[in-house]
Amino acid sequence: MQIKINNKKYAAKVGETIFQVCMREGIKIPTLCGAKYSHEGLCRVCVVENSGRLITSCNTKVCKDMDLVTESEKISKARRINLELLWADHAGKCATCKKNRLCDLQKLAEEYRIENFHFVPRRGEMTSSEEQKLLRDNWSRVVVENENPCISRNSEFCVECRRCINICPEQKFGFNHRAGDVVVGTPYEKVLDCSFCGKCVEACPVAALTDQNDFSKIIKDLDDLKKFSVAVIDLEMDGKISEQLKNISHEQNFEKIFFDLGFEKIIKLEEKERNEEDEIIKNIRTEYARKEKIDPKNICTFFISSKIYKKVRKNEYLDYVLSEREVVRLVRDRGNIVAGKMKIKA
Ligand code: SF4
Ligand code: SF4
Ligand code: FES
């Protein structure tokens with residue numbers, strides 16, 4: 001069939017969504033909840049006009065003779081209002097947020113030049129006790145959970161896009177409370193317990209689901225002049241990413257970084273048939289430290305992996321397990337820091 005988009009005719013197949021046709025034809029439409037993750041039409045950021053009527057493009061199937069417009073003042077206004085409404089229920093603490101500069105909601109707010117948040121109450125604006133109670137009730141349902149080893153959860157940031165619900169292969173997320181009080185979380189808000197595949201963290205557009213780590217401690221250790229920071233890259237890591245890590249590692253104050261070759265070298269060095277990463281990390285704190293004449297207690301060990309479940313490996317020999325996302329965050333927070341540390345020998 002043929003449909004019209006922005007006054008131009010395009011071929012479309014039965015069953016395709018407007019969004020799919022637009023993506024194929026290189027017509028940009030913003031999305032937050034949908035497209036890749038669901039077709040529930042929740043955020044309404046993807047609205048377009050069909051013969052003057054606003055419809056969501058991610059879950060509306062094409063039909064013959066559709067006459068669509070993807071950019072207009074009406075569309076832009078609707079997208080802005082929808083973004084503002086999402087923001088109203090969001091923590092909005094960008095400056096200190098783990099996802100600052102990496103957040104989909106923030107990017108859209110910038111793109112749509114949202115400067116005033118009409119639905120976010122300001123001090124003094126909520127006067128009646130009923131309004132204040134509503135606000136208190138809203139925040140009373142916020143859940144912060146840092147008890148599982150891999151994923152940090154903070155529902156203060158959640159925009160209820162349901163991406164995590166749709167993507168989790170183990171159905172670990174769902175809705176708690178009802179109607180206007182609804183919050184996305186684990187059943188009865190129990191501590192997250194799963195195989196930690198990391199798909200939900202990857203999918204979450206905001207900072208409601210993030211990598212578990214004490215970032216301020218990491219930065220303190222990396223910049224500590226007494227510490228010798230050694231990073232080991234997961235053997236299973238994609239070669240291209242490993243190469244990028246090699247480039248930034250020194251700038252981020254890692255004194256030594258071991259890639260595949262490095263591991264083999266260490267193993268040969270010790271003349272032991274060890275190929276387990278845990279053993280290699282143990283070697284760094286013991287035999288490598290001895291060889292390099294570094295006090296083992298001054299060695300800080302990092303393991304960098306794209307597998308979030310490897311965070312459980314943290315032990316007496318391994319201080320931190322960082323994901324690729326966290327390395328990106330490190331670069332974002334610190335820019336190009338020129339290595340200023342000196343190796344402290346024992
Ligand atoms: S880590 Fe994987 S299994 Fe665990 S909750 Fe997230 S998506 Fe589900
Ligand atoms: S936790 Fe993240 S992915 Fe899940 S509903 Fe909230 S914002 Fe969406
Ligand atoms: S992306 Fe279409 S409604 Fe959210």
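The values are calculated or read from the model by the stated rules, or taken from the named source; none is laboratory data. Everything numeric in this text was worked out from a predicted model, so none of it was measured. Note: ideal-geometry Cβ built from the backbone for every residue, glycine included; neighbour counts use all protein chains shown. Please note that ligands, DNA and RNA were not included when accessible areas were found on the heavy atoms of the full protein model with its side chains. Shrake-Rupley method; radii C 1.70, N 1.55, O 1.52, S 1.80 Å.
If one takes the longest principal axis of the Cα atoms in the chain, at what angle in degrees, from 0 to 90 and to the nearest 10, does the Cα axis of helix 260-270 lie? Long axis of 260-270 versus the principal axis of the chain: about 20 degrees.
If you roll a 1.4 angstrom probe over the protein chains with everything in place, what fraction of the accessible area of the stretch 1-153 belongs to carbon and sulfur, to the nearest %? In the stretch 1-153, the share of accessible area belonging to carbon and sulfur is 50 percent. In the chain, the DSSP-assigned H stretches of four residues or longer account for a calculated mean residue ellipticity at 222 nm of -8500 deg cm²/dmol, using -39500 (n - 2.57) per stretch and the full residue count as denominator. Each label was represented as a point 7 Å from its Cα along the Cα-to-Cβ direction; for GLU292 and ILE241 these points are 2.3 nm apart. The share of C-alpha pairs in the chain whose separation exceeds 26 Å stands at 60 percent. The residues ARG53, ARG285, ARG313, ARG101, sorted by heavy-atom accessible surface at 1.4 Å with ligands and nucleic acids left out, run ARG53, ARG101, ARG313, ARG285 from largest to smallest.
Using the 1.4 Å probe convention, the accessible area of the chain works out to 54 Å² per residue with neighbouring protein chains retained.
Based on alpha carbons, the Rg and Dmax found for the stretch 160-260 are 18.4, 54 Å. Partners of LYS4 within straight-line reach, counting lysines whose Cα lies under 28 Å from its Cα and excluding those fewer than 8 residues away in the same chain: LYS13, LYS28, LYS36, LYS61, LYS64, LYS74, LYS77. The largest accessible area among HIS177, HIS118 belongs to the first residue in HIS118, HIS177, and the rest follow in falling order (1.4 Å probe, all chains). Between the amide H of LEU322 and those of PHE303, ILE304, SER305, distances stay under 5 Å, these residues lying 5 or more places away or on another chain, with hydrogens modeled in the peptide plane. Over the stretch 1-120, the fraction of Cα-Cα pairs per 5 Å bin, rounded to whole percents and listed from the shortest bin up, is 2, 11, 21, 22, 18, 12, 8, 4, 2, 0.
Report, as a whole number in µm² per second, the diffusion coefficient that Stokes-Einstein gives for the stretch 43-84 at 37 °C and 0.692 mPa s using the Kirkwood radius over alpha carbon pairs. Taking Rh from Cα pairs, D becomes 314 µm²/s.
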